[in-house]
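The values are calculated or read from the model by the stated rules, or taken from the named source; none is laboratory data. Fair warning: this is a prediction, and the values are worked out from it, not measured in the lab. Here Cβ is always computed from backbone atoms with ideal geometry, including for glycine, and neighbour counts include all displayed protein chains.
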Amino acid sequence: MTEIRIHGRGGQGNVIAAYILAQAAFECGKFAQAFPSFGPERRGAPVTAFVRITGVPVHRHCQVLAPAFLILQDHALLHAAGITQGLLPHGKILVNWSRPIAPATAGNGHQVVVIPAASLAMEYLGKPVPNTALLAALLTLTEMLPLQALERALALRFAGEMLERNLSLVRKAAQMVPAGLWKEAADARSD
């Protein structure tokens, strides 16, 4: 089982990202679970979403406490207290940020990859919602699911010009990260 925790703020598409990632897993014949956890429902409030992907039915119904991967849709969260709590020793962190990150700030020794997801979204979608770009980067880094599965999941949520823009965005985001860099971590069991 691979477990992923997505941190961000209201309005960044955290919950939708979790649902789209789970749908991409379903598109590949895998089992998946996605659900959110948030306080007040308002733009800018902290939001956490959880995803589990596995080859067998998921029977666990609690929050993801020991993820293999963290997705931070807001780079300021990288330095938030407890953000890496429970992250597995081989765990990786994907951050929406346009500035390179120094190795010394690499999240308690965990490898961090940054991608300017919000800037890319602004360019392709006209709004700074980083979720689909981050999903494309995660799938490219881990190779846990093919990018085509994400594209099929997006086609179930969007249509017409918005679908085409999202497809262009995910293809561009996928080109910006090294394919398979985190494959070993993805192949290791989270559970």
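A few notes on this one:
- The condition (being under 13 Å from the mean Cα position of the chain (by Cα) and either modelled with pLDDT of 95 or more or surrounded by fewer than 17 Cβ atoms within 10 Å (Cβ to Cβ) (or both)) is satisfied by just one residue among A66, A136, A80, A106: A136.
- Residues of the range 53-79 that are farther than 24 Å from A136 by Cβ and not in a loop (DSSP other than H, G, I, E, B): H79 alone.
- Restricting attention to the range 135-191, the residues being in a loop (DSSP other than H, G, I, E, B) and within 19 Å of T2 (Cα to Cα) number 12.
- Here M122 meets the list (1) in a helix (DSSP H, G or I); (2) in contact (Cβ under 8 Å) with a residue 12 or more places away in the chain almost entirely, failing just condition (2).
- Any hit, the range 32-42, residues being at pLDDT 95 or above, crowded, with 17+ Cβ neighbours inside 10 Å and touching an Asp or Glu at 6+ places or on another chain (Cβ under 9 Å): no
- Neighbours by Cβ (under 7 Å, 6+ apart or cross-chain): first from the range 136-157, hydroxyl-bearing (S, T, Y); second loosely packed, with under 15 Cβ neighbours inside 10 Å and part of a helix (DSSP H, G or I): T142/K183
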